[in-house]
Structures are given as structure tokens and as C-alpha cells.
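Heads up, the thing below is written out as C-alpha cells.
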Amino acid sequence: MDLIANLATGFGVALTPANLAFCFLGVLIGTLVGVLPGIAPITTIAILLPFTFTLPPASAMIMLSGIFYGAQYGGSTTAILVNLPGESSSIVTCLDGHQMAKQGRAGPALAIAAIASFFAGTIATIIIAVASVPLSALALKFTAAEYFSLMVLGLTGSIALAHGSAVKAVAMVLLGLLLGLVGIDVNTGLPRMTLGIGELGDGIGFVAIAIGLFGISELMIALSRPQDRTLLSVALSQLWPSRKELKDCLPAMLRGTAIGSVLGVLPGGGAALSSFASYAVEKKTSATPERFGRGAIEGVAGPEAANNAGAQTSFIPLLTLGIPGNAIMALMVGALMIQGIQPGPQVMTAQPQLFWGVIASMWLGNLMLVILNLPLVGLWVSLLRVPYRILFPAIALFCCIGTYSISNSQMDIGLMLLFALVGVFFVKVGAEPAPFILGFILGPLMEENFRRAMNLSRGDPMVFVERPISAALLVLTALLLVVLILPAVRAKREEVFQE
Amino acid sequence: MLTRRSAVAGLSATGLPLFAPALRAQTFTRQINLIVPFAPGGTSDILARLIGPRLSQALGQPVVVDNRPSASGNVGADFVARQAGDGHTLLIADAGTLASVPALFKRLSFNVKTDLVPVGMVSFSPYLVAINPQVPATSFAELAAYDKANPGKLNVATSGVGAVNHLTAMVVGKHFGLNWSAVPYRGGAAAVRGVVSGESNVIFNGAIATLPFVTQGQLKGIAVSGDKRLEALPNLPSFKELNTPVQDAGSWQGVYASKGTPAPVVARLNQELNKVLAEADVAAKIRELGSDVRPGTPASFASWMDKAMVEWGEVVKAENISLDG
């Protein structure tokens, strides 16, 4: 069978000592930057990109992808122990993971996060191997109209799963959407809301906003609570979750893997959206939704499975079509091109060593990550035990370096600091930054695809309901809205989110 | 389209007689910054990282590649325009884009013609014109017939409003009587995806990036820009054979210095650049990227810029495109 032969090729490449070493280096760096809040894998990959020039293509890709999925593991450690998302995709893990840690169950939370990630990583690797061809065909069925409808569903979903008041969540989505529109409008080429500042032409840097909002502002909030140190010294007496907990988590992991695998393939989807979607699904399908936000282990297992599956399947459009679905994948394209390999449908056939080697390395990398993260979790925790007075300036410095390195712009540092203040403001008024970030990412995509669909249909709005996939997505959105608005559900939702 | 502007070309090229014997005296005293006005991974960036280390060897000073990305590359070009004219700050950019920005932006913070000194052309990569295979056509003539029979069905995907591939599509389309709508995407890769999926159905895009889709049957080739056919697709006519406007449209990469850089310094840089481009492995690597090495003198590059600025200026005016309101 072809698949076996292909995987054999892949493992042949991935198991060479040099590539094993690069894979290990990648996941090690990935875990490190995942653990440390404020340093995103995208920053790390950007910094390391020039160094991969001298490596063989397969080794370069193996290492860079290791950083990406390694960060998904590391991110959850920080989310659980410090309530800082080390990674945007582990924002959701904070919700229940940190509650578990507060209740003295940090060990099981960390273990289930790693188990769920490994479980999803294994399945996602198989999915990539088996289904990369048909899946990339599915992604190709999506045109502007479908993307628009998908974004509408995504944004509506982000309101549904926001903490606290739905009105605040709507406001945050809209604010994110507005800020996302800063920059050059794709459809006219004209700059909007740039205040005449040339550097804003490409929009407000996502990394600057994310690091400001989730990195620096978290540091500031933490500093405003001097007794917070206790959060870092969580006892890790018991590591393994009980058999019952494992059993409770299995369906969540399966659902999370499925959600992540599907959303990861779609451009604009990926790890972060997957974890949000999975959390929403777990909460909705749970018999005891009131446990969520108070240390429900499924609330850790589902999203952790989803973000890892999403991170891995987002390689499908990249490896099969050469089309980056998100910013990190765009950097991967850059890495391939530095190697003189033009990403595209020919990579699978012309560079089977590269394609299958990277896929095989993903599974090996996931295995390494479990070892890195479970038995060695104490090591990573001790990294977090470094006193704030040392850790905070170091993180702030890393945040600055990372933000600056994206486009060598001092303005991004300014923006980062500005959004740090904005982030503090958000926390003080009880508004969640997650819907804001989703609005910021998905809003411009939604607008772009809306106007493109209208351009293609020569101004006929019926295109959104005439295309079946688009219509189905819009119907789902409508159902979600109805559910949100129904008084009974609304009351229950608010009760659930109030702490 | 080819307006004769030799007088202007001559002006820009003044002060560049052959200083060959004195060239060695033009020494470089500190680090040279090679500015790439686009994100890492693009053509300019790859060329910069290929050429940089070798220029460094030749000039005896480190050459550091510095990415200052922005739309149209204006931020990076503006940065180079403002540096001291001593040859220690260089720009490597898409020359066609740079030639089109004065017409696209009314309030450009730098003057392409006077603030940037052409050092030398590096490479040329043609556009491949391709369509979604569902469109029943194999030539521009058949496309025009299809367009007439199915008005409002042809959409040409571009990598952005005002991008050279957008301008080329509009002026070439007009030449063949095609009434297609331009659909802007965020960059070339997204535009290709749009055409492969059938969302849009025509594209003018870098040959190397588009070729695999054509050879695998996901796109159908129509023509190739420039004056010769592609080796890989020998059946497709070149723009020259078709006698289209803007025949040499494509990706031209060139190196520029800051305003005021003395002619001998420019001449030394040009000489070393051409030496690097003459190295077999450099040329081979550039060919791998789907480009041809196109070394030349500063004067020939300057006159190319003048011609391109006039040509693209006319297209931008005819299409009534403005990128700053």
C-alpha cells in the first residue's frame, strides 16, 4: 500500500540522527517559548528563519514545525500554572486548567493537557498522512462566500463563549474588528484609519497587539497583586489523573481532535480558533456545564486536543497546496523558498522525502514532547519559579525583542506598550480580550471575503445563500444567535459565566 | 507604448563614464546595509541573502540584510532615500513596482527618480498568464470570445490593487478587448488559490510559482510575458509574439543606492554586483527561482527605470488608480 511505503520513506528521513536532533531541538525550543509567556512561536520562527538557510530543507522544516507544535504543549503548562496563556491557543486552557491548579490538581491538569495533546497529535498525524489529498480538495471548495459565512459563524461563536456579559463580548468583537480594519484596504488599495502613519499601512501588527494584550499587560496585572507569588509554587504531588477523569476526558479529546482537525485545515482557522470552538462544544454538550470555569478537566482536555490537532492539520494546505493558512504557515513558506523549494502541489510528488519526512517527524516530535513535558514538567515549572523580579524584566525584554524582530519597527514596541495598557483596562472593566482578538483576526478576513464575493457576483448578495456550504454556515449562525437570545438560555449562560 | 525618453535617460546616467581604473580606490569603511522592503521569504529577500555574503567578500565589509516590509515596499525605499549617499545603504527591490509607485501615490514621501540611484539590475522573472481549466479557452482570442458570450464571468485575480500584475492584466486585457473584473487578493499565493478554486478564473503571476499548477492541470497556461517562451511550456506564446503592450512586464529585481552616492562608488558597486551575478552557482540558484540573471550598467538600469515609470504611469492614469486618495 502506498501509505505504508510513504510513511516508511518519511520515517527513514525523520529517524536519521541529524533529523532526530533537529526535531528535538525544535520541540525543546518550542516548549521553552510556549512556557514563557510573551514569546510567541511565530516570533521564534521568524528569528530562526535566517539560520535555516544552511540546513537541508527537510531538517529546516522539521525543526521549524517542531517549534510550532512544541509551543502548543509548553503553552498549556504556563496557562495552567500561572494563568498566563503562554500561547494564544492556550487562552482557553487558562479557564479550567488554572482553576484545577488552584484546587491543588495542577498535576492532573498538566498530565491531561499533555495526554490530550499527544492523543490529538497522533491522530492528526495519521489524518495528515491519510487525508491530505481529499482534505485539500475540501479547502478548495471554499470560495469568498463560504469564507465570509465561516467568519460570521466564528465571530458569533466567540460571543457565545465569552465570559461575563454578552453585550461586553459583542463590544469587544466590534472593537477588535474596527482595529483589524486599520491599514490598507485590500479591495481599493487605500489606507484606512492609519492617521497618515506609513507603518500602519500593513495594519496594526498582530504580534504587537497579542504580546501587549496577553504578555505585558498580564505582567502589569500580576504586579498589581503583590501576593500573587503563590501561584507559582503549586504543589505537584500527584501527576496522573484518576481513571474516572481519564474516562471523562476521552470523549472530549475525541471531539476536540475532530474539531481541531477540521478547523486547522481551513485558512484562518488553526490552533486558536480550534481551542475556542472545542471549549464551547464541551460546555454545551456537558451534562454539568456549571463545572466549566471551575476546574472541569474536560475543559482542559478538549481544547488541548483541539489546539494540537489544529496546529498540525494547518500543515495540510501548506504541504499539499503551498498555501499558508495562517501567519506561521506563511513563515514556513518563506523557509521553503529560502531553500529554493517553491511550495505547491508538486512538493508531495517532487519532494516526497521532505513531505513525508516532516509528517513522520511530527509524530516523533509529539512523542518527545510527552517525555519533555510530563516527567520533566518540574524542570519547566522551576523555570516559572524564577522570582518575578528576575522573570518579569526578562520576559519584558523578550517581548520587546520578539515584537521588534517581526519587522524591525520601533513603532511595534510602542503599539505593544499601548496595548499593554489597553489590556489592563480590559481586565479592570471585566471585558475579555479573547473576543477582541478574534474580531481583530477574523474581522478583516470577513470584510475582505464579503467584498470579494460581492465583486465576483457583480453586486448580487444572493450568492451567500445560493451556495450550499455558505448557506449551511449562515443557518448555523442563525441557530447560534437564536440560542443566545432565548431568555432561558441567556439566563443560564450568564449564571454559568458568573463566578 | 514605448515612449522614447532617451534624453531623460541620458540625464540620469550623467557622470557615469567608465571609471574602471579608479574603481579599486572606492573603499567601504563600515558595515553595508542591504534593505529589503518586503517580508523575509520573498524574491527580493532571497536574492539579498544570496548576493549579500558575496558582495561582502568583494567589498571587504559585512553586508547585512535588513527587512523593512510594507505594502508596495514604500517604507524600505523611503528609508534608503533618506540615508547618506555614501553607498553604505543599498536597496534591493522589485524595479517595476518602484517605477509604478510615483503614479499610484500622490503623496509619496520620496522621489523615486531623484532620491534613489540605480546601481544595477539583478534578475527578471516573467509572468505566466493562466486560467482556471473550466474556462473553455486556450488563447487570448478565445478568452475574448468567451467574455463576449458570457459577460461578467471573467475575473482576474491580482496580488493587490496597483500591483504590477494588476496593471499588466488591465492593459493587456484592454488590448484584447477583454472586459474582466480585477479581484484583489492579499498577495500572489492567495490569488493563485483563488483561481485554482475557481473563485476567480484568470491570473497573471510569477512563472515559477504558477508553473506547477499548470503542469499538474490545476490551471491552464495562456501566454508568458517577456520576449521568449518558457522552456517548461514551449507551446505558450510570449508577449512579444502576441505583440501585447507592456511586453517586459514581470518581476524585475534591481539594486539602488541613496541620493548623492558618487558615481565612482556606484560604478564599483555595479562592477562587484555584476561579478557576483556572473558566478555560476549564483546564476544557477537564480534560475532555480524561475528568474534570469540580467546584469547591466547603472546607465542602462536608469534608462529602464525612466521607460518603466512612463509606461506604468500611463496605465495607472488610464485605469484611474490611486493608492492614497
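Just so it is clear, none of the values below were taken in a lab; they were calculated from the coordinates. A quick note: this is a predicted structure, and the numbers were derived from the prediction, not measured. As a convention, Cβ positions derive from the backbone with ideal geometry for all residues, glycine included, and neighbour counts pool all protein chains shown.
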Report summary line: The long-range amide H neighbours of A:R192, using H built 1.01 Å from N in the peptide plane and a cut-off of under 5 Å, are A:G183, A:I184, A:D185
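Relative to the Cα centre, what is the charge dipole magnitude of segment B:126-242, using +1 at the beta carbon of each Lys and Arg, -1 at the beta carbon of each Asp and Glu, and rounding to the nearest 20 debye?
Details: 9 positive and 6 negative charges, 24 e Å.
Magnitude of the dipole: close to 120 debye.
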Query raised in the report: How large is ³J(HN,Hα) for each residue in segment A:185-192, as worked out from phi by the Karplus curve 6.51 cos²θ - 1.76 cosθ + 1.60 (θ = phi - 60°), to whole Hz, x for Gly and Pro?
Result: 6, 4, 7, 10, x, 8, x, 10
Query raised in the report: Between A:A287 and A:I371, what is the label-to-label distance in nm when each label sits 7 Å out along the Cα-to-Cβ direction?
Result: 4.0 nm
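For B:W180, A:W380, what's the fewest-to-most ordering of other Cβ within 10 Å of each Cβ?
On the way: B:W180 19, A:W380 23.
Sorted ascending by nearby Cβ count, the order is B:W180, A:W380.
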Report task. Report, by chain and number, residues whose modeled amide H sits under 5 Å from the one on B:S123, excluding near sequence neighbours (fewer than 5 apart, same chain). Result -> B:Q253, B:R294
Query raised in the report: Using alpha carbons only, how many degrees (0 to 90, rounded to 10) separate the axis of helix B:43-59 from the longest principal axis of chain B?
Result: 20 degrees
Query raised in the report: Which entries in B:K174/B:K240; B:K220/B:K317; B:K228/B:K285; B:K148/B:K220; A:K102/A:K244 show an alpha-carbon gap greater than 22 Å?
Result: B:K220/B:K317
Query raised in the report: Out of the DSSP beta bridges found with both residues in segment B:126-242, what percent are antiparallel (nearest 5)?
Result: 55 percent
Query raised in the report: Between B:S322 and B:N111, 0.36 nm times their residue separation minus their Cα-Cα distance comes to what?
Result: 74.3 nm
Query raised in the report: For chain B, what is the relative contact order in percent, using Cα pairs closer than 8 Å and at least 6 residues apart in sequence?
Result: 30 percent
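So for chain B, what percent of the C-alpha to C-alpha distances run longer than 32 Å?
28 percent
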**Report entry** Under 15 Å, Cβ to Cβ, from B:G296 - net charge with Lys/Arg +1 and Asp/Glu -1
**Finding:** -1
Query raised in the report: Karplus couplings for segment B:191-206 from phi (6.51 cos²θ - 1.76 cosθ + 1.60, θ = phi - 60°), rounded to Hz, Gly and Pro as x?
Result: 5, 4, 4, x, 7, 4, 6, x, 4, 10, 9, 9, 8, 10, 8, x
Report task. Pop out the ³J(HN,Hα) list for segment A:292-301 in order, Karplus 6.51 cos²θ - 1.76 cosθ + 1.60 with θ = phi - 60°, rounded to Hz; leave Gly and Pro as x. Result -> 6, x, 10, x, 6, 5, 5, x, 9, 5
Report summary line: Listed by chain and number, the residues whose amide H is under 5 Å from that of B:G206, excluding neighbours fewer than 5 places away on the same chain and using placed H, are B:L128
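For B:P53, what charge total do you get from the other residues with a beta carbon under 15 Å from its beta carbon, if Lys and Arg give +1 and Asp and Glu give -1? Write out the running numbers ahead of the final one.
On the way: positive: B:R49, B:R54, B:K275, B:K285; negative: B:D45, B:D66, B:E272, B:E279, B:D281.
Surrounding charge for B:P53 is -1.
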**Report entry** Three-way shape label, segment B:256-325, alpha-carbon gyration tensor, a/c 1.5
**Finding:** oblate
Query raised in the report: For A:L397 and A:I4 in the same chain, what is the full-extension length gain: residue separation times 0.36 nm, less their Cα-Cα distance, in nm?
Result: 136.8 nm
Query - Inter-part distance where segment B:60-75 and segment A:168-216 are each reduced to a Cα centre, Å - result: 24 Å
Requested in this report: If a/c stays under 1.5 just call it rounded; otherwise compare a/b with b/c (prolate if a/b is bigger, oblate if not). Do that for segment B:126-242, with a ≥ b ≥ c from the square roots of the Cα gyration tensor eigenvalues.
Outcome: rounded
Query raised in the report: For B:A263 and B:Q31 in the same chain, what is the full-extension length gain: residue separation times 0.36 nm, less their Cα-Cα distance, in nm?
Result: 81.5 nm
**Report entry** Test item: Cα-centred dipole of segment B:269-317, Lys/Arg +1 and Asp/Glu -1 on Cβ, debye
**Finding:** 40 debye
Report summary line: Between the residues B:L143, B:F204, B:G162, the Cα farthest towards the positive end of the dipole of segment B:126-242, that dipole coming from +1 and -1 charges on the beta-carbon of Lys, Arg, Asp and Glu, is from B:G162
Query raised in the report: Helix-derived [θ] at 222 nm for chain B: sum -39500 (n - 2.57) over DSSP H runs of at least 4, divide by residue count, nearest 500?
Result: -12500 deg cm²/dmol
Query raised in the report: Counting other C-beta atoms within 10 Å, which of A:C94, A:C249 has the fewest, and how do the rest follow?
Result: A:C94, A:C249
